[in-house]
Amino acid sequence: VISQSLYNTYNFENNFKKTLLIFYKKRILRIAPAIIFLTLITLIIFKLIFIEKHYLSLIKSVLFTNIFFSNFHFWNESGYFGLDSTFKPLLHTWSLSVEMQAYLFLPLILFFLFKFKNIYLLSITILISIISIFFGEYFISRPFVFFFPFFRIHEFLVGCLIFYFSRFFTKKKLNYFYSYLGILIIVICSTYYNENTNFPGLNSLLPLFGAALIILSEDKKNFLLNNKISQFFGNISYSFYLYHWIIIVAL
């Protein structure tokens with residue numbers, strides 16, 4: 001999304017400021033109104049459910065969620081899989097905060113990288129990804145690794161690498177068989193990864209590889225993806241993500 005949006009909007013080098021502002025505007029309009037409405041609904045619902053201690057904690061998390069810093073807020077608490085997570089309706093928004101932080105800084109990095117020839121751009125992108133994975137694996141026992149964007153930058157850069165590969169190296173899609181393989185890999189990871197799995201680090205590479213196979217293949221021929229049910233859930237995926245955890249906590 002980041003690479004393609006910035007590359008396609010205007011001549012990247014000559015209109016960088018205008019391109020960047022348009023990109024930020026589209027991302028904010030896509031994400032911010034929904035998250036603001038979510039936090040208002042959450043405050044209303046959990047006023048009726050939570051005791052004062054937990055409700056005051058919720059108010060604090062609402063502030064960090066709306067400024068897209070909830071990942072930094074939650075990392076220093078009990079952890080993502082701790083018992084206290086059942087009293088944090090907005091815990092899942094940490095990933096949205098990481099996403100918005102990536103949207104803020106990655107375009108600036110990509111602007112710098114686009115000045116290089118393709119082979120150098122590719123090499124630098126891969127190098128940054130390797131550094132992110134290495135330090136994520138090295139500090140894997142620390143809770144902040146799960147929440148901090150630096151240790152997840154490779155997850156976003158994989159998308160950039162897919163864009164570079166598709167635009168500069170080949171426009172030919174992989175056989176649709178690989179999209180089934182990608183789905184299988186993601187299902188296996190979803191089944192066997194749990195709170196005891198070291199993540200992100202090296203373990204993040206397998207689901208990333210699965211997602212890459214789907215994106216690079218002729219997925220329109222994949223009946224598991226190209227049907228009305230899958231497309232319906234794809235269309236509501238952002239809303240589903242926003243509300244699934246607060247429903248679980250409320251119940």
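Please list, ordered by first then second residue, the pairs with beta carbon atoms under 6 Å, 6 or more apart or interchain, first in the stretch 172-196 and closer than 23 Å to GLU218 by Cβ, second acidic (Asp, Glu). Listed by first residue and then by second, the contacts come to LYS173/GLU218; TYR176/GLU218; SER179/ASP219.
Taking the stretch 215-240 as the range and being open to solvent by less than 50 Å² (accessible area, probe 1.4 Å) and aromatic (Phe, Trp, Tyr) as the test, only TYR238 passes.
Residues to consider are SER204, SER190; find the one that is of a type outside the set (Val, Ile, Thr) and open to solvent by less than 80 Å² (accessible area, probe 1.4 Å). I'd like the intermediate steps shown before the answer.
Values: SER190 fails: open to solvent by less than 80 Å² (accessible area, probe 1.4 Å).
That would be SER204, the only listed residue that is of a type outside the set (Val, Ile, Thr) and open to solvent by less than 80 Å² (accessible area, probe 1.4 Å).
Reported count of residues in the stretch 171-187, each being buried (at least 20 other Cβ atoms within 10 Å of the Cβ) and closer than 24 Å to PHE146 by Cα, is 1.
Of the residues that make up the stretch 74-87, is at least one open to solvent by less than 20 Å² (accessible area, probe 1.4 Å), in contact with a Lys or Arg (Cβ under 9 Å, 6 or more places away or on another chain), at pLDDT below 90 and of a type outside the set (A, V, I, L, M)? So far as the stretch 74-87 goes, yes, one or more of its residues are open to solvent by less than 20 Å² (accessible area, probe 1.4 Å), in contact with a Lys or Arg (Cβ under 9 Å, 6 or more places away or on another chain), at pLDDT below 90 and of a type outside the set (A, V, I, L, M). So is THR125 closer than 19 Å to TRP75 by Cβ and touching a helix residue (DSSP H, G or I) at 6+ places or on another chain (Cβ under 9 Å) or not? Judged against the criteria, THR125 is not a match.
The values are calculated or read from the model by the stated rules, or taken from the named source; none is laboratory data. A quick note: this is a predicted structure, and the numbers were derived from the prediction, not measured. As a convention, Cβ positions derive from the backbone with ideal geometry for all residues, glycine included, and neighbour counts pool all protein chains shown. With ligands, DNA and RNA removed, areas are computed over all heavy atoms of the protein, side chains included. Shrake-Rupley method; radii C 1.70, N 1.55, O 1.52, S 1.80 Å.
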